[in-house]
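Each value in this text was obtained by applying a stated rule to the coordinates, not by laboratory testing. All values derive from a computational prediction rather than experimental measurement. Counting neighbours? That spans all protein chains shown, and the Cβs are built from the backbone with ideal geometry, glycine included.
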Amino acid sequence: MTDQLDAIVDQVRSVPTDHPGWAIEGHGSKSFLGYRDPNLEALSMKSHSGVINYWPEELIIRARAGTPLDELEATLAASRQRLVFEPPRCNLMGTLGGAIACGLAGPRAPFSGHIRQALLGVQMLQSDGQVMRFGGEVVKNVAGYDVSRLMIGALGIFGPLLDVSLRVLPVPAWEAFFAKVADESALHALRARRHDVGLSGAGIVHGQLCLRYEGAAANASETSAKLKQLGYESVDSAAFSALRDLTFSTDGLWRWEGDPETPLTGHEVAVDWIGRLRYYHAPAFTPPSGKAWAYAQTLPGEDRLPVTEPIKKVLLERLKRTFDPDSRFNAGRMFREF
Amino acid sequence: MDKRILQSLKRLPGVQVIDEAPQLRAYESDGLSAIKARPSVVVLPGDLPSLQSVLAVARAFSVPVVARGAGTGLSGGATPHPDGILVSLAKFRRILSIDVENRRARVQPGVTNLAISEAVAEYKLFYAPDPSSQIACTIGGNVAENSGGVHCVKYGLTLHNVTGVEVLLMSGETLRLGYDDPFTHQPDVLALLHGSEGMLGIVTEVEVQLLPTPEAVVVMMSAFDSVSRAANAVGAIFAQGIIPAGLEMMDRLAIQAAEDFVNAGYPRHAEAMLLIELDGTAREVDELIEQMRRVLAQQGASGTKVERSPEGRARLWLGRKAAFPAVGRIAPDYYCMDGTIPRRHLAEVLERISVRSEHYGLQVANVFHAGDGNLHPLILYDANVPGQLDKAEAFGADILNLCIEFGGTITGEHGVGLEKINQMCVQFDESELRLFHGIKAAFDPSNLLNPGKAVPTLSRCAEFGAMHVHAGQLPHANLDRY
């Protein structure tokens, strides 16, 4: 647990004018996202680590960007609390800053468990060494533009996050996992029940349709009885760890998001978000209609960049210039041009 | 205003134009009546193309544009620009679609907040954010202000309940965000638009998520013999892992004013009380009531009441909802503040406010969203007594500074608008304010959309203003404010 703020500020500020620019890094566990220009110099955030503020009764935690997700979650678990969203631990690693910047939220995302529901504030750095703070450690806050949440999924193009404040939640009194053999009709039937009280995850891993329920202990017996009737068996949490951490495959993956009613192709490596999010192996992939991009550095750079409407791209380019006028941070990571 | 602008606007098909002085007066202010400006012209476009044509005229003549919903905002965000066009979105009031299966509703920006919940009630669904003005305020305005409400302690703010937004940029281009693409792996621009106070774009369509009406709801009330005991009980409730649907606090002055006004059955001699709403499945709520009774007893609460019937619950809420007008009856004027602080500092900040109250010789009634740490201190004064207005303003500034000092914010849910623009200089430094201006310029390079609001220029940063209510003379005086 160290505060490396001054060292990072010095490092960023004291560069020659011909410096190639910075590639912001945490554990490097999600380097497969977007394009990493090999000419950039690494700016490591991982030593800027540790919880800054945590009062369990506030349901709010503030920690430095380099804090390992495992450490953060262990701190919360000691007070029977947890993150609102489920950031992946790719290769069993990952930092808080990286989780926000990559915008991956895990199986709970469609059930009010996205990063947007949790992020309250950030401290960030500009290329001249200026430290800025937006949002804070309160839930209700409408002073100034919501810069903090703009950082969700920004892949660091606006500059490095130094620390992050999050709303957290009590661990629910009850959590249970169920599974049965997955097929098109089972997935379809599940979609009709996607608003079940307590449903907090639903996907397919290793041919099994896997469900997670959680909430008040009072709702436990009724839910279990109903699922048993529907042919589900009680299982452990392994499938949901796999869905969160993408451990169901060691090869490069395509991630596809689209209409959840799209029929399965049979090539799905895994399915999450009740059918809205699907993973395919890189060679076998022909995208159904929807959005897709690659999770593999072996694929061409263009495929690893998200497609966006022209008007939104113009806005993002202007925002990039506002935050990072000389394009010092993560240039080319999200868009080839900036 | 240049006559050619009026002529151009009047030629636009599908656009109603108001330029007669008596009618313009209705648009002079929003809910912050202390700040008034007569708009040069008000236009009411009927659809997106006509709204686009209005913006084209504004661009051609470089005239500022201010968008307005129902005008219920409390910070002057919709105060007209004296040289500008005020665009009312009153004609955008259609509910476009209700998707019961996916629990979504797509609506035009002029639809009122409550109308959404009413339209979906038959499907046992509701739209969760419930600002006190929900009967009149519009969903477009809710997005612009990122409005809260009593239930956001459990269900989140507007931004947590909106799944898609279509905005018209000043350039005339439309931008659609969210909808079927809820979690893009790109910067969260949908979130950025929330609370942007009409500075970045004009909301032309909103898709909201709908929640199932809870199976069971109860309201509990507990009395405390000190403000700090009640404040500490708030923390203890969350520490137990309970997230109530609503958690409100009132102090002695507010309790007595409310009792005198509506006789809600509140503990008149208590120093403070908590009002707690719990919801969920019937079994879950039963469990929560028992947990809550234990916590409240441990925290020194007395006279705890539990109301399960709709009538009983409404009665307990009545005093809370009538608290602002009730306080308005005991003093000629009041200032309503809107700072937020971390909950753990509630007791200390309320104590500090009470010390300042004695210092200034002005009473304060506290009635607020304790679960969110969102304070609404009402500073009582009499504008007819020389010097009291100045004192009240200084006191208000002290309170907002206290909020910042304790790690909070100058506005939890009312927005900055014109009202708190000077206080922005206390909360943000120069580089942060400069960045806000840069964001504005990215969306609106010509600075024509609601210019001069929400973010102070760097040369500004001086005095401070607040919601000024004289003898209950605020616009929409018929609306509950809480």
Checklist line | Cα long-axis angle, helix A:220-229 against chain A (0 to 90 degrees, to the nearest 10) | finding: 60
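Take chain A, mark every one of the trypsin sites (Lys or Arg not before Pro) that falls in a DSSP loop and has at most 15 other Cβ within 10 Å, then report the longest stretch left between them, sites excluded. List each step's numbers first, then the result.
On the way: sites that count: A:Arg80, A:Arg193, A:Arg336.
Answer - A:194-335.
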Notebook entry, point to check: Which FRET efficiency value, to the nearest 0.05, do you get for B:Asn263 and A:Arg321 by plugging their Cβ-Cβ distance into 1/(1 + (r/R0)^6) with R0 = 45 Å?
Noted result: 0.15
Item checked: Max mean-square fluctuation residue, GNM over chain A, Cα-Cα springs under 10 Å, options A:Glu214, A:Glu261, A:Glu222 -> A:Glu222
Notebook entry, point to check: Suppose R0 equals 56 Å; then what is the FRET efficiency for A:Asp196 and B:Ala383 from their Cβ-Cβ distance, rounded to the nearest 0.05?
Noted result: 0.50
Note to self: What are the equivalent ellipsoid semi-axes of chain B, built from the alpha-carbon gyration tensor (square roots of five times its eigenvalues), in whole angstrom, biggest first?
What the structure shows: 37, 27, 20
Next item on the list: Give me the percent of DSSP beta bridges within the protein assembly as shown that run antiparallel, rounded to the nearest 5.
Entry: 90
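Magnitude of the Cβ-charge dipole of the stretch A:174-295, K/R +1 and D/E -1, about the Cα centre, nearest 20 debye?
Numbers: 12 positive and 15 negative charges, 35 e Å.
So the magnitude is around 160 debye.
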Notebook entry, point to check: When we measure straight from the Cα of B:Lys91, which lysines land under 26 angstrom away, once same-chain ones fewer than 8 places off are left out?
Noted result: B:Lys3, B:Lys10, B:Lys36, B:Lys453
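Please give the contour-minus-distance gain from A:His19 to A:Ala217: 0.36 nm per residue of separation, less the Cα-Cα distance, rounded to one decimal in nm. Don't skip to the answer; put the middle values down first.
Numbers: separation 198, 0.36 × 198 = 71.28 nm, distance 5.74 nm.
Between A:His19 and A:Ala217, full extension yields an extra 65.5 nm.
Would you calculate the convex hull of the Cα atoms in the protein assembly as shown and tell me its volume per residue in Å³? Can you show the working numbers first?
Numbers: hull volume 129.3 nm³, N = 820.
Cα-based convex hull of the protein assembly as shown, divided per residue, equals 158 Å³.
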Next item on the list: Evaluate the relative contact order of chain B (contact order divided by residue number), counting alpha-carbon pairs under 8 angstrom at least 6 apart; express in whole percent.
Entry: 16
Check: Can you list the lysines whose alpha carbon is less than 20 Å from that of A:Lys312, not counting same-chain residues fewer than 8 positions off?
Finding: A:Lys291, A:Lys320, B:Lys440
Checklist line | Scattering profile of the stretch B:118-243 at q = 0.14, 0.17, 0.19, 0.21 Å⁻¹ [log10 I(q)/I(0), Debye over alpha-carbon scatterers] | finding: -0.75, -0.97, -1.10, -1.23
Checklist line | Cross-link pairs A:Lys180/A:Lys226; A:Lys140/B:Lys420; B:Lys154/B:Lys305 - those with Cα-Cα distance over 19 Å | finding: B:Lys154/B:Lys305
Check: Do the sum for chain B: with -39,500 (n - 2.57) for every DSSP H run of n ≥ 4, divided by all residues, what is the mean residue ellipticity at 222 nm, to the nearest 500 deg cm²/dmol?
Finding: -10000 deg cm²/dmol
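Which loop trypsin sites (Lys or Arg not before Pro) in the stretch B:1-48, with loop taken from DSSP, have no more than 16 other Cβ atoms within 10 angstrom of their Cβ? Please report the intermediate quantities before stating the final value.
On the way: sites: B:Lys3, B:Arg4, B:Lys10, B:Arg11, B:Arg25, B:Lys36; in loops: B:Lys36.
Answer in residue order: B:Lys36.
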Check: What order do you get for A:Leu40, B:Leu296 when you list them from fewest to most C-beta neighbours inside 10 Å?
Finding: A:Leu40, B:Leu296
Checklist line | Net charge of neighbours whose Cβ lies under 15 Å from the Cβ of B:Leu458, counting Lys and Arg as +1 and Asp and Glu as -1 | finding: 0
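Ignoring the sites themselves, what is the longest stretch of chain B with no GluC sites (Glu not before Pro) in a DSSP loop and at most 12 other beta-carbon atoms within 10 Å? Present the calculation step by step, with values, prior to reporting the outcome.
On the way: sites that count: B:Glu20, B:Glu101, B:Glu463.
Within chain B, the longest run free of exposed GluC sites (Glu not before Pro) spans B:102-462.
Return the inverse of the average 1/r over all pairs of distinct C-alpha atoms in the stretch B:266-372, which is the Kirkwood hydrodynamic radius, in Å to one decimal.
Details: mean 1/r = 0.0612 Å⁻¹.
So the Kirkwood estimate lands at 16.3 Å.
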Next item on the list: Let me know the charge dipole size of the protein assembly as shown about its Cα centre in debye, to the nearest 20, where only the beta-carbon of Lys, Arg (+1) and Asp, Glu (-1) is charged.
Entry: 980
Checklist line | Debye intensity ratio in log₁₀ form over the Cα atoms of the stretch A:174-295, taken at each q of 0.11, 0.17, 0.20 Å⁻¹ | finding: -0.36, -0.82, -1.09
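Within the set of other residues whose C-beta is less than 12 Å from the C-beta of B:Ile5, count the net charge using Lys and Arg as +1 and Asp and Glu as -1.
Result for the local shell: +2.
Pulled fully out, how much extra length does the chain show between B:Thr304 and B:Tyr123, if you take 0.36 nm times their separation in residues and subtract their Cα-Cα distance? Spell out each step's value before the answer.
Working: separation 181, 0.36 × 181 = 65.16 nm, distance 3.40 nm.
Length gained, B:Thr304 through B:Tyr123: 61.8 nm.
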Next item on the list: Note down the nm distance, to one decimal, between modelled labels 7 Å out along Cα→Cβ at A:Thr262 and at B:Asp2.
Entry: 4.9
Checklist line | Sorted by Cβ density within 10 Å, fewest first, the residues B:Asp130, B:Asp390, B:Asp47, B:Asp188 | finding: B:Asp390, B:Asp47, B:Asp130, B:Asp188
Notebook entry, point to check: Put +1 on the Cβ of every Lys and Arg and -1 on every Asp and Glu Cβ in chain A; which of A:Ala7, A:Tyr35, A:Ala101 then has its Cα farthest towards the positive end of the dipole?
Noted result: A:Ala101
Check: Under a plain spin-label model, where a point goes 7 Å from the Cα along Cα-to-Cβ, how far apart in nm are A:Glu233 and A:Asp251?
Finding: 2.8
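Can you compute the FRET efficiency between A:Glu184 and B:Ala236 using 1/(1 + (r/R0)^6), with r the Cβ-Cβ distance and R0 = 45 Å? Round to the nearest 0.05.
Working: r = 50 Å, r/R0 = 1.10.
According to the calculation, E is roughly 0.35.
What chymotrypsin sites (Phe, Trp or Tyr not before Pro) does the stretch B:105-193 have in DSSP loop regions with at most 16 other beta carbons within 10 Å?
Working: sites: B:Tyr123, B:Phe126, B:Tyr127, B:Tyr155, B:Tyr179, B:Phe183; in loops: B:Tyr127, B:Tyr179, B:Phe183.
Answer in residue order: B:Tyr179.
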Note to self: Suppose every Lys and Arg Cβ carries +1 and every Asp and Glu Cβ carries -1, with no other charges. What dipole size does the stretch B:330-470 come out with about its Cα centre, to the nearest 20 debye?
What the structure shows: 240
Notebook entry, point to check: Among A:Ala218, A:Ser237, A:Gly203, whose Cα sits farthest toward the positive end of the charge dipole of the stretch A:178-263 (+1 at Cβ of Lys/Arg, -1 at Cβ of Asp/Glu, about the Cα centre)?
Noted result: A:Ala218
Note to self: Neighbour counts of other C-beta atoms within 10 Å: give me B:Asp338, A:Asp245, A:Asp6, A:Asp128 arranged from fewest to most.
What the structure shows: A:Asp6, A:Asp128, A:Asp245, B:Asp338
Next item on the list: Find which of B:Ile5, B:Val285, B:Met221 sits farthest along the positive direction of the dipole of chain B, computed with +1 on the beta-carbon of Lys and Arg, -1 on that of Asp and Glu, about the Cα centre.
Entry: B:Ile5
Checklist line | Neighbourhood net charge (15 Å Cβ-Cβ; Lys/Arg +1, Asp/Glu -1) for A:Thr17 | finding: -2
Checklist line | Three-way shape label, the stretch B:216-325, alpha-carbon gyration tensor, a/c 1.5 | finding: oblate
